[in-house]
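*Asks:* There's a structure below that I have some questions on.
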Amino acid sequence: MKCSSMSLAFLLGIATFSSAQAQQPVAISAQLEQKVIEWRRDLHQHPELSNREFRTAKVIAKHLKDLGLEVQTGIAHTGVVGVLVGGKPGPTIAMRADMDALPVIEQTDLPFKSTAKSEYRGKEVGVMHACGHDLHMAMLMGAAEKLTSMKDEVAGTIVFIFQPAEEGAPNDEEGGAELMLKEGLFTKHKPEVVFGIHVWSAGNTGHIGYREGPLMASSDRFEITVKGRQTHGSRPWGGVDPIVAAGQIIGSTQTIVSRQVNITKAPAVISFGIIEGGVRNNIIPDEVYLEGTIRNFDMDNRAQIFKNLKTTAEMTAKATGAEAHVHIDEGYPVTINDIDLTRNMLPTIERVAGKDKVHVNDLVTGAEDFSFFALEVPGLFVFLGVTPEGENAVSAPSNHSPFFYADEKSLKTGTELYVNWVLDYNKL
């Protein structure tokens, strides 16, 4: 086929225009953005603690039912799942938002600040969405509405997961992502991939931090009970001193990370937070209790640290004549972003946020139970900045602070990111 220079230029122009159009992200309307803001404010004003998200679940379930989605409630106590079947064949894609608030007395001056009270560990406490889960829910509610409105264009099945108890279930209760999976969430709706967003005070509004591979640490609690034999402080040879043994254990365990684990793979931390023992200055007690946390970014290293902590504590105590009993309460695993999924969806993140607002995030020693979902299927979890432009995000009140503040302009970015992840994944 022959073309004149003018007709060729015309055809090239159309191709360039079409390509540019294809690169434009799907946006939400100003009306939907305002609804997302209103949902966020309502949820912020009525926060509920882990496994107690009863009102929250009703609000979400009603919205999803009003959209005509298949809705399941009561998963992992208060969890809600909505399912959208698109108009075209395609994969199952999951997106997750967490629901619970924290036992924090809000100290912002927002007109919709929380004055809620609840009971936590037998005490009356204030309750606040100090970690931004109210924004997470509102953004996913907005994404559900937008994707439902374009159902005929959506390929596959979209699973909207509203998960309780991310901050940890109350004592003697199960909860969170682990319990949702245990109750068969991914058996009934097995996704090909799962996406999640967390708002982040350390970033400015609309900025997105991502990272291939490990992003957030595992979080595990350990307890060590050091048993000796009580005696008078003036006659230490008459008993076995668990305080001295405990002190040596604290020092010895620091060599696990510095000398026994290959830290070229990933950093790790062992920290003691509680030391309890003794009742009087001149009595060597029977036992000392130690408690601490382990943070780590490699699942193999994590298993090795568990083993070495037990061996180090037991052998160190034995050398002094004492005994050490170690219990490790396995918490959240490492949050790992699937490398291929992250690379494939990076162009989407850059189109939605703007390439200049997307950056590689540092490792975060905090933990997230999104990690359970991402161990089951390839996952992608990113941080969305919420500190207003022009303010120093480094010094802004952090997540979990009673002064935590989130710029609501970020809601549009997060909602559109959820929507475009779904649409673009189906184009891969």
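The values are calculated or read from the model by the stated rules, or taken from the named source; none is laboratory data. Keep in mind it's a predicted model, so treat the numbers as computed, not measured. Cβ sites come from the backbone with ideal geometry, for glycine too, and all protein chains shown count toward neighbours. Protein only, heavy atoms only, side chains kept; ligands, DNA and RNA dropped before computing areas. Shrake-Rupley method; radii C 1.70, N 1.55, O 1.52, S 1.80 Å.
*Asks:* Would you mind telling me which numbered condition in (1) farther than 27 Å from residue 216 by Cβ; (2) in contact with a Leu (Cβ under 9 Å, 6 or more places away or on another chain) residue 319 fails?
*Replies:* (2)
*Asks:* Which one of the conditions (1) in contact with a helix residue (DSSP H, G or I) (Cβ under 9 Å, 6 or more places away or on another chain); (2) in contact (Cβ under 8 Å) with a residue 60 or more places away in the chain; (3) assigned to a helix (DSSP H, G or I) does residue 152 fail to meet, given that it meets all the rest?
*Replies:* (1)
*Asks:* Still on this structure, please answer the following. Are there strands (runs of 3 or more DSSP E) fully within the range 156-254 with at least 2 residues that are more than 19 Å from the chain's Cα centre (by Cα) and farther than 30 Å from residue 54 by Cα? List them.
*Replies:* Once the strands (runs of 3 or more DSSP E) in the range 156-254 are filtered for at least 2 residues that are more than 19 Å from the chain's Cα centre (by Cα) and farther than 30 Å from residue 54 by Cα, what remains is 218-227.
*Asks:* Any chance the range 414-422 includes a residue that's touching a residue at least 12 places away in the same chain (Cβ under 8 Å), open to solvent by less than 10 Å² (accessible area, probe 1.4 Å) and outside any helix (DSSP H, G or I)? It would help to see each step written out before you state the result.
*Replies:* Quick first cut of the range 414-422, residues touching a residue at least 12 places away in the same chain (Cβ under 8 Å) only: 414-422.
With the extra rule that they be open to solvent by less than 10 Å² (accessible area, probe 1.4 Å), the set shrinks to 414-415, 417-422.
Those still in the list that are outside any helix (DSSP H, G or I) too: none.
No; the residues of the range 414-422 include none that is touching a residue at least 12 places away in the same chain (Cβ under 8 Å), open to solvent by less than 10 Å² (accessible area, probe 1.4 Å) and outside any helix (DSSP H, G or I).
*Asks:* Next question. If we keep just the residues of the range 87-127 that are among the charged types (D, E, K, R) and open to solvent by less than 100 Å² (accessible area, probe 1.4 Å), which is nearest to residue 48 (Cα to Cα)? Break it down stepwise before answering.
*Replies:* Within the range 87-127, the first condition is being among the charged types (D, E, K, R), and the residues that meet it are 88, 96, 98, 100, 106, 109, 113, 117, 119, 121, 123-124.
From what's left, open to solvent by less than 100 Å² (accessible area, probe 1.4 Å): 96, 98, 100, 106, 113.
Working: 96: 18, 98: 12, 100: 6, 106: 13, 113: 14 Å.
So, considering only residues that are among the charged types (D, E, K, R) and open to solvent by less than 100 Å² (accessible area, probe 1.4 Å), the one nearest to residue 48 (Cα to Cα) is 100.
*Asks:* Does residue 373 fit the bill of being among the aromatic types (Phe, Trp, Tyr) and open to solvent by 50 Å² or more (accessible area, probe 1.4 Å)?
*Replies:* no
*Asks:* Let me ask something additional. Given the conditions (1) within 20 Å of residue 165 (Cα to Cα); (2) touching a helix residue (DSSP H, G or I) at 6+ places or on another chain (Cβ under 6 Å), and given that residue 358 satisfies all but one, which numbered condition is not satisfied?
*Replies:* Going through the list (1) within 20 Å of residue 165 (Cα to Cα); (2) touching a helix residue (DSSP H, G or I) at 6+ places or on another chain (Cβ under 6 Å), residue 358 breaks only (1).
*Asks:* Give 71, 81 a once-over and let me know the one that is open to solvent by less than 50 Å² (accessible area, probe 1.4 Å) and out of contact with any Gly (no Cβ under 8 Å at 6 or more places or on another chain). I'd like the intermediate steps shown before the answer.
*Replies:* On the way: 71 fails: out of contact with any Gly (no Cβ under 8 Å at 6 or more places or on another chain).
Of the residues listed, the single one that is open to solvent by less than 50 Å² (accessible area, probe 1.4 Å) and out of contact with any Gly (no Cβ under 8 Å at 6 or more places or on another chain) is 81.
Residues checked against (1) open to solvent by less than 40 Å² (accessible area, probe 1.4 Å); (2) in contact (Cβ under 8 Å) with a residue 24 or more places away in the chain; (3) of a type outside the set (A, V, I, L, M):
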{"residue": "215", "(1), (2), (3)": "yes, yes, no"}
{"residue": "219", "(1), (2), (3)": "yes, yes, yes"}
{"residue": "227", "(1), (2), (3)": "no, yes, yes"}
{"residue": "236", "(1), (2), (3)": "no, yes, yes"}
{"residue": "242", "(1), (2), (3)": "yes, yes, yes"}
{"residue": "246", "(1), (2), (3)": "yes, yes, no"}
{"residue": "255", "(1), (2), (3)": "no, yes, yes"}
{"residue": "258", "(1), (2), (3)": "no, no, yes"}
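*Asks:* Out of everything in the range 163-210 that is under 24 Å from residue 420 (Cα atoms) and out of contact with any Phe, Trp or Tyr (no Cβ under 9 Å at 6 or more places or on another chain), what residue ends up being surrounded by the most Cβ atoms within 10 Å (Cβ to Cβ)?
*Replies:* 205
*Asks:* Ok, one more. Can you find a residue in the range 376-387 that is among the charged types (D, E, K, R), at pLDDT 95 or above and open to solvent by 30 Å² or more (accessible area, probe 1.4 Å)?
*Replies:* Kept after step one, since they are among the charged types (D, E, K, R), are these residues of the range 376-387: 376.
Filter once more, keeping what is at pLDDT 95 or above: 376.
Those left that are additionally open to solvent by 30 Å² or more (accessible area, probe 1.4 Å): 376.
Scanning the range 376-387 turns up at least one residue that is among the charged types (D, E, K, R), at pLDDT 95 or above and open to solvent by 30 Å² or more (accessible area, probe 1.4 Å).
*Asks:* Could we say that residue 404 is more than 15 Å from residue 213 (Cβ to Cβ) and aromatic (Phe, Trp, Tyr) here?
*Replies:* Values: more than 15 Å from residue 213 (Cβ to Cβ): yes; aromatic (Phe, Trp, Tyr): yes.
For residue 404, the condition - more than 15 Å from residue 213 (Cβ to Cβ) and aromatic (Phe, Trp, Tyr) - is met.
*Asks:* Something else now. Every residue in the range 361-384 that is over 21 Å from residue 181 (Cβ atoms), of a type in the set (Ser, Thr, Tyr) and in contact with a helix residue (DSSP H, G or I) (Cβ under 9 Å, 6 or more places away or on another chain), please.
*Replies:* none
*Asks:* Let me ask another. Going by the conditions given, is residue 146 within 26 Å of residue 386 (Cβ to Cβ), open to solvent by 30 Å² or more (accessible area, probe 1.4 Å), of a type outside the set (A, V, I, L, M) and in contact (Cβ under 8 Å) with a residue 60 or more places away in the chain?
*Replies:* Taking the combined requirement at face value, the residue satisfies it.
*Asks:* Further, regarding this structure: So, of the residues in the range 65-83 that are touching a residue at least 24 places away in the same chain (Cβ under 8 Å), of a type in the set (A, V, I, L, M, F, W, C) and touching a helix residue (DSSP H, G or I) at 6+ places or on another chain (Cβ under 6 Å), which turns out to be farthest from residue 154 (Cα to Cα)?
*Replies:* Among those residues, the one meeting the criterion is 76.
*Asks:* Taking helices (runs of 4 or more DSSP H) that fall entirely within the range 1-110, which contain at least 1 residues that are at pLDDT 95 or above and over 21 Å from the mean Cα position of the chain (by Cα)?
*Replies:* Output list reads 30-45, 54-66.
*Asks:* Still on this structure, please answer the following. Among the strands (runs of 3 or more DSSP E) contained in the range 268-352, which hold 1 or more residues that are buried (at least 22 other Cβ atoms within 10 Å of the Cβ) and touching a residue at least 60 places away in the same chain (Cβ under 8 Å)?
*Replies:* Numbers: elements: 268-277, 287-296, 323-332, 335-337.
Output list reads 287-296, 323-332, 335-337.
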